[in-house]
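Engineer: Below you'll find the structure I mean.
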Amino acid sequence: MSTPRRPLPAKLILSVLAAKWDRFRPEIKSTLEEKFGEIDYESEYIPFTETTYYDSELGKPIYRKILAFADLFKQNRLPQIKLATNALEEAYSREGKRLFNLDPGFITHERLVLATGKNFTHRVYLDQGIWADLTLIFTKGDWRDMPWTFPDYSAQKTKTHLRSIRDIYSGQIKDMPGNKGE
(Lines give C-alpha, C1' and ligand atoms only; values in the text may rest on other atoms or scores of the structure.)
Protein backbone atom coordinates (compact mmCIF):
# COMPACT_ATOMS: atom_id res chain seq x y z
CA MET A 1 0.00 0.00 0.00
CA SER A 2 1.30 3.45 -0.82
CA THR A 3 1.23 6.08 1.88
CA PRO A 4 0.04 9.51 0.75
CA ARG A 5 2.64 12.26 1.15
CA ARG A 6 2.63 15.92 0.32
CA PRO A 7 5.05 16.77 -2.50
CA LEU A 8 7.84 19.26 -2.10
CA PRO A 9 6.98 22.73 -3.32
CA ALA A 10 7.78 23.48 -6.95
CA LYS A 11 9.50 26.32 -8.78
CA LEU A 12 7.15 28.43 -10.86
CA ILE A 13 8.32 29.22 -14.37
CA LEU A 14 6.71 31.34 -17.02
CA SER A 15 7.43 31.07 -20.72
CA VAL A 16 6.66 34.38 -22.42
CA LEU A 17 6.27 34.69 -26.18
CA ALA A 18 6.08 38.15 -27.73
CA ALA A 19 7.08 40.17 -30.75
CA LYS A 20 6.48 43.60 -29.21
CA TRP A 21 8.67 43.38 -26.14
CA ASP A 22 8.61 47.14 -25.63
CA ARG A 23 4.94 46.74 -24.65
CA PHE A 24 5.75 43.87 -22.30
CA ARG A 25 8.19 45.82 -20.18
CA PRO A 26 8.32 47.12 -17.54
CA GLU A 27 4.66 47.24 -16.53
CA ILE A 28 3.78 43.58 -17.01
CA LYS A 29 7.00 42.43 -15.34
CA SER A 30 6.09 44.35 -12.18
CA THR A 31 2.53 42.96 -12.37
CA LEU A 32 3.92 39.42 -12.58
CA GLU A 33 6.14 40.05 -9.55
CA GLU A 34 3.16 41.42 -7.60
CA LYS A 35 1.21 38.25 -8.35
CA PHE A 36 3.92 35.59 -8.13
CA GLY A 37 6.87 37.09 -6.25
CA GLU A 38 10.34 38.19 -7.22
CA ILE A 39 11.79 36.94 -10.51
CA ASP A 40 15.06 35.17 -9.76
CA TYR A 41 15.86 33.98 -13.28
CA GLU A 42 15.31 35.63 -16.65
CA SER A 43 16.65 34.18 -19.87
CA GLU A 44 17.87 36.22 -22.78
CA TYR A 45 15.61 36.54 -25.79
CA ILE A 46 15.34 33.14 -27.49
CA PRO A 47 14.22 33.19 -31.15
CA PHE A 48 10.93 31.29 -31.50
CA THR A 49 11.24 29.69 -34.93
CA GLU A 50 9.77 26.21 -34.46
CA THR A 51 6.29 27.18 -35.68
CA THR A 52 4.38 30.08 -37.23
CA TYR A 53 1.30 29.30 -35.11
CA TYR A 54 1.41 32.61 -33.18
CA ASP A 55 2.63 34.92 -35.97
CA SER A 56 -0.75 36.32 -37.02
CA GLU A 57 -1.72 37.14 -33.45
CA LEU A 58 1.54 38.24 -31.84
CA GLY A 59 3.36 39.57 -34.91
CA LYS A 60 6.92 38.65 -35.82
CA PRO A 61 9.65 37.98 -35.17
CA ILE A 62 8.65 36.23 -31.97
CA TYR A 63 11.07 35.71 -29.12
CA ARG A 64 10.70 33.72 -25.92
CA LYS A 65 11.90 34.61 -22.46
CA ILE A 66 11.81 32.11 -19.63
CA LEU A 67 11.20 33.58 -16.20
CA ALA A 68 11.40 31.80 -12.86
CA PHE A 69 10.16 33.04 -9.52
CA ALA A 70 11.98 32.90 -6.20
CA ASP A 71 9.00 31.86 -4.09
CA LEU A 72 8.35 28.13 -4.25
CA PHE A 73 4.68 27.16 -4.38
CA LYS A 74 2.33 24.25 -3.77
CA GLN A 75 1.91 22.30 -7.00
CA ASN A 76 -1.88 22.21 -6.67
CA ARG A 77 -1.97 26.00 -7.23
CA LEU A 78 -1.12 25.58 -10.92
CA PRO A 79 -4.74 25.98 -12.15
CA GLN A 80 -5.14 29.30 -10.32
CA ILE A 81 -1.84 30.52 -11.75
CA LYS A 82 -2.87 29.57 -15.31
CA LEU A 83 -6.18 31.38 -14.89
CA ALA A 84 -4.31 34.46 -13.60
CA THR A 85 -1.96 34.46 -16.60
CA ASN A 86 -4.93 34.02 -18.96
CA ALA A 87 -6.54 37.09 -17.35
CA LEU A 88 -3.32 39.08 -17.87
CA GLU A 89 -3.16 38.07 -21.54
CA GLU A 90 -6.73 39.26 -21.97
CA ALA A 91 -6.25 42.50 -20.02
CA TYR A 92 -3.30 43.49 -22.21
CA SER A 93 -4.78 42.36 -25.52
CA ARG A 94 -5.49 44.94 -28.21
CA GLU A 95 -8.16 44.69 -30.88
CA GLY A 96 -8.79 41.04 -29.99
CA LYS A 97 -5.13 40.05 -30.26
CA ARG A 98 -2.78 39.20 -27.44
CA LEU A 99 0.45 41.14 -27.10
CA PHE A 100 2.08 38.14 -25.47
CA ASN A 101 1.49 34.50 -24.65
CA LEU A 102 2.09 33.46 -21.04
CA ASP A 103 2.61 29.76 -20.36
CA PRO A 104 3.06 28.94 -16.68
CA GLY A 105 4.43 25.69 -15.39
CA PHE A 106 6.67 24.31 -12.72
CA ILE A 107 9.96 22.56 -12.26
CA THR A 108 10.70 19.90 -9.65
CA HIS A 109 13.69 17.60 -9.43
CA GLU A 110 11.89 15.09 -11.65
CA ARG A 111 9.88 17.06 -14.20
CA LEU A 112 8.72 20.12 -16.08
CA VAL A 113 4.94 20.46 -16.11
CA LEU A 114 3.11 23.11 -18.11
CA ALA A 115 -0.46 24.23 -17.53
CA THR A 116 -2.91 24.26 -20.42
CA GLY A 117 -6.59 24.73 -21.07
CA LYS A 118 -6.49 22.11 -23.81
CA ASN A 119 -7.20 18.44 -23.14
CA PHE A 120 -5.20 15.73 -24.90
CA THR A 121 -4.51 12.04 -24.32
CA HIS A 122 -1.37 12.53 -22.21
CA ARG A 123 -2.68 15.45 -20.13
CA VAL A 124 -4.14 15.06 -16.66
CA TYR A 125 -7.06 17.19 -15.55
CA LEU A 126 -6.32 19.34 -12.50
CA ASP A 127 -9.19 21.74 -11.79
CA GLN A 128 -11.09 24.74 -13.19
CA GLY A 129 -10.67 23.69 -16.82
CA ILE A 130 -6.87 23.33 -16.55
CA TRP A 131 -4.79 20.28 -17.47
CA ALA A 132 -1.20 19.38 -16.59
CA ASP A 133 1.13 18.61 -19.48
CA LEU A 134 4.15 16.53 -18.48
CA THR A 135 6.52 18.22 -20.93
CA LEU A 136 9.98 16.98 -19.91
CA ILE A 137 11.42 14.59 -17.35
CA PHE A 138 14.80 14.92 -15.67
CA THR A 139 16.69 11.65 -15.62
CA LYS A 140 20.30 10.54 -15.99
CA GLY A 141 21.48 14.11 -15.41
CA ASP A 142 19.51 15.90 -18.11
CA TRP A 143 16.10 16.81 -19.48
CA ARG A 144 14.52 14.12 -21.64
CA ASP A 145 11.75 14.62 -24.17
CA MET A 146 8.44 12.85 -24.13
CA PRO A 147 6.88 11.71 -27.43
CA TRP A 148 4.58 14.77 -27.27
CA THR A 149 7.13 17.39 -26.17
CA PHE A 150 6.81 20.55 -28.25
CA PRO A 151 9.86 21.14 -30.50
CA ASP A 152 10.69 24.44 -28.76
CA TYR A 153 10.99 22.64 -25.41
CA SER A 154 13.07 19.88 -27.04
CA ALA A 155 15.64 22.45 -28.16
CA GLN A 156 18.94 22.50 -26.28
CA LYS A 157 18.79 26.30 -25.97
CA THR A 158 15.58 25.92 -23.91
CA LYS A 159 16.86 22.96 -21.91
CA THR A 160 19.99 24.92 -20.97
CA HIS A 161 17.82 27.53 -19.24
CA LEU A 162 15.67 24.87 -17.63
CA ARG A 163 18.80 23.18 -16.22
CA SER A 164 19.88 26.49 -14.69
CA ILE A 165 16.45 27.00 -13.14
CA ARG A 166 16.46 23.43 -11.81
CA ASP A 167 19.87 24.09 -10.23
CA ILE A 168 18.46 27.16 -8.45
CA TYR A 169 15.47 25.08 -7.31
CA SER A 170 17.74 22.31 -6.00
CA GLY A 171 19.61 24.85 -3.88
CA GLN A 172 16.35 26.24 -2.53
CA ILE A 173 15.05 22.78 -1.61
CA LYS A 174 18.36 21.83 -0.01
CA ASP A 175 18.24 24.97 2.15
CA MET A 176 14.69 24.33 3.39
CA PRO A 177 14.49 23.60 7.12
CA GLY A 178 14.38 19.87 7.81
CA ASN A 179 15.42 18.88 4.30
CA LYS A 180 18.59 16.93 3.65
CA GLY A 181 18.71 17.80 -0.03
CA GLU A 182 17.88 15.93 -3.18
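Engineer: Taking helices (runs of 4 or more DSSP H) that do not extend beyond region 1-59, which have at least 2 residues that are crowded, with 18+ Cβ neighbours inside 10 Å?
Structural biologist: 27-36
Engineer: Restricted to region 101-135, and to residues that are of a type in the set (K, R) and assigned to a loop (DSSP other than H, G, I, E, B), which residue is surrounded by the most Cβ atoms within 10 Å (Cβ to Cβ)?
Structural biologist: Of the residues in region 101-135, the ones of a type in the set (K, R) are 111, 118, 123.
Remaining after also requiring assigned to a loop (DSSP other than H, G, I, E, B): 118, 123.
Numbers: K118: 9, R123: 18.
Filtering region 101-135 for residues that are of a type in the set (K, R) and assigned to a loop (DSSP other than H, G, I, E, B), the one surrounded by the most Cβ atoms within 10 Å (Cβ to Cβ) comes out as R123.
Engineer: Considering only residues of region 72-100 that are charged (D, E, K, R) and under 18 Å from S15 (Cβ atoms), which is surrounded by the most Cβ atoms within 10 Å (Cβ to Cβ)?
Structural biologist: Checking each candidate, the answer is K82.
Engineer: Further question: Based on this model, can you work out whether Y153 counts as within 15 Å of the chain's Cα centre (by Cα), of a type outside the set (V, I, T) and not in a loop (DSSP other than H, G, I, E, B)?
Structural biologist: yes
Engineer: Between a first residue in region 136-153 that is more than 21 Å from V124 (Cα to Cα) and at pLDDT below 95 and a second residue that is surrounded by fewer than 17 Cβ atoms within 10 Å (Cβ to Cβ) and of a type in the set (S, T, Y), which pairs have beta carbons less than 9 Å apart while being 6 or more apart in sequence or on different chains?
Structural biologist: D152/T49; D152/T51
Engineer: All but one of (1) closer than 28 Å to S56 by Cβ; (2) part of a strand (DSSP E or B); (3) acidic (D, E) hold for D71; state the number of the condition that does not hold.
Structural biologist: If we test D71 against (1) closer than 28 Å to S56 by Cβ; (2) part of a strand (DSSP E or B); (3) acidic (D, E), just (1) comes out false.
The values are calculated or read from the model by the stated rules, or taken from the named source; none is laboratory data. Just so it is clear, the model here is predicted, and its values are computed rather than measured. In this analysis, Cβ positions are derived from the backbone assuming ideal geometry, glycine residues included, and neighbour counts consider all displayed protein chains.
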